[in-house]
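Any read-out appearing in this document is the output of simple, stated calculations on the displayed coordinates, not a laboratory observation. The structure presented is a predicted model; accordingly, all values stated were derived computationally and were not measured. Note that each Cβ is placed from the backbone with ideal geometry, even for glycine, and that neighbours are counted across all protein chains shown.
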Amino acid sequence: MASTAGIKGEDSGEPDNDEQDGRGTCVHDDEKKHARKKKRVTHDETFLRCGEGPPGDRDGSIYRMAVGWRRDYCIADRDETRCEAMMLSNPIECMFHGATCRQHRPGRMLQIFSLKLAKIQVAEGGPVELYGYVAARDVLDPLLNYVVNFSRDDPILVEQGSLIEMTGPKRGIELCYATLIEYDMRIKTGKQEKDDLQLIDGVSLIDEMTTFFRKPFTRRIHGDRGAVDITLSCVNDAVEATIEIVVLEVQSNFSLCVGCFISGLHQEIRLFDGTISESRGLRRSVVAGVMDTWMDLKLNVGSGPSYNSDNDAEHCCTFKATNHGYTSQLVKVKFATVLVKVTWSTLSMLP
């Protein structure tokens, strides 16, 4: 289970249980204290107690973590991770046992399946403009590995109950001892940033040992103006899969929804959901696959502006996970041809 840092209105609980939103007493940047109910700590959850951060800092809440975590995960460093995907997809120093490389072994990775806007507390109904980030920090390279990253100038439109588009991660997320999930997301409401509303802001700790035997599970991150549900899992014996999709020979506009399923799990990782009007490559996606198991990609194609499961066609392609190399498949759909390429790599022995 995920351990969570109790920071500035952030809390983790079951997504269908609002009573889990119990909160302790904290000091905000304006130095005003307000009372909150103390969170009931169960046997499998640990909450970090935090002090006060720099007043007015854009990422102020993350500085309220305990000193050890701030140091170990380089919280003050706002740079993006230096490690790229596919760094060990074609290494030169391999040791083979049969056809399998034993030099670069699979490991333990964290897979984020989805982020959903579970609850929103604004006066106006309907969709809202969201911006900000959700990022992972792991021991491989504790710099920011963005899962979501949208600027205020280019927010996304999301309504309550809808998925938040994931733009990352840039590379696989290692789960060794513990991984931090850092977030700061806001609701754009006015012309200036000071008028915007805080959705979620803080850091959650994902512990290796307490997630080891768990299938995908969902936790709710409560914030000042709503809540976000995060669904994630520890993936054992994992390798990094980099998925690149190119749409070719487009005959007319069509909707395309691409979902990824790993290791026989029914939990979808949404890779793309939009309209295709011309030949182009889609954004590269990185997921965790389980060594020697099958990863399935489902492509749902429709003639309307959005995918409709009752009327649209579904196409599937399957890839077997390995630690090196790549595989590609051509998928013929009604309005185009889709090239899917999957490149395999491990995270072990990266600098």
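List the GluC sites (Glu not before Pro) in segment 198-261 that DSSP assigns to loop (not H, G, I, E or B) and whose Cβ has at most 14 other Cβ atoms within 10 Å. Which are they? Here the sparse-neighbourhood loop sites are GLU249. Annotation for segment 164-213 versus segment 88-114: alpha-carbon center distance of 27 Å. When you filter the GluC sites (Glu not before Pro) in segment 72-124 for DSSP loop state and at most 13 other Cβ atoms inside 10 Å of their Cβ, you are left with GLU84, GLU93, GLU124. Relative contact order of segment 238-345: what whole-number percent is it, with Cα pairs under 8 angstrom and at least 6 residues apart? Taking the mean separation of contacting Cα pairs over the length of segment 238-345, I get 35 percent.
Could you calculate the FRET efficiency of THR327 with ASN253 from 1/(1 + (r/R0)^6), where r is the beta carbon distance between them and R0 is 35 Å, rounded to 0.05?
Numbers: r = 29 Å, r/R0 = 0.84.
It comes to 0.75.
The residue among GLN198, PHE150, PRO169 whose Cα reaches farthest toward the positive pole of the charge dipole of segment 143-211, with charges on the beta-carbon of Lys, Arg, Asp and Glu, is PHE150. Shape summary of segment 195-260, radius of gyration then Dmax from alpha carbon positions: 18.4, 50 Å. The string of couplings for segment 294-299 from the Karplus curve (6.51, -1.76, 1.60, θ = phi - 60°) is 9, 10, 10, 10, 10, 10 Hz, one whole number per residue in order, with x for Gly and Pro.
The slack between THR167 and LYS298, meaning 0.36 nm per residue of separation minus the straight C-alpha distance, is 45.3 nm. For segment 225-327, the fraction of C-alpha pairs more than 15 angstrom apart is 66%. Would you mind checking the pairs LYS116/LYS188; LYS215/LYS320; LYS119/LYS298; LYS170/LYS194 and listing those with alpha carbons more than 27 angstrom apart? Over 27 Å Cα-Cα: LYS119/LYS298; LYS170/LYS194. Taking Cα centre as origin and charging only the Cβ of basic (Lys, Arg, +1) and acidic (Asp, Glu, -1) residues, the dipole magnitude of segment 98-230 rounds to 600 debye. About its Cα centre, segment 238-345 has a charge dipole of approximately 220 debye under the convention of +1 per Lys or Arg Cβ and -1 per Asp or Glu Cβ, with nothing else charged.
Only sites in a loop by DSSP and with at most 14 other Cβ atoms within 10 Å count here; which chymotrypsin sites (Phe, Trp or Tyr not before Pro) in segment 199-263 make the cut?
Details: sites: PHE212, PHE213, PHE217, PHE254, PHE261; in loops: PHE212, PHE213.
Within segment 199-263, the qualifying chymotrypsin sites (Phe, Trp or Tyr not before Pro) (loop, at most 14 other Cβ atoms within 10 Å) are PHE212, PHE213.
Between the beta carbons of ASP79 and ARG280, assuming R0 = 35 Å, the FRET efficiency works out to 0.75 to the nearest 0.05.
On full extension of the chain, what length is gained from THR318 through ARG105, given 0.36 nm per residue of separation minus the C-alpha to C-alpha distance?
Working: separation 213, 0.36 × 213 = 76.68 nm, distance 2.22 nm.
Length gained, THR318 through ARG105: 74.5 nm.
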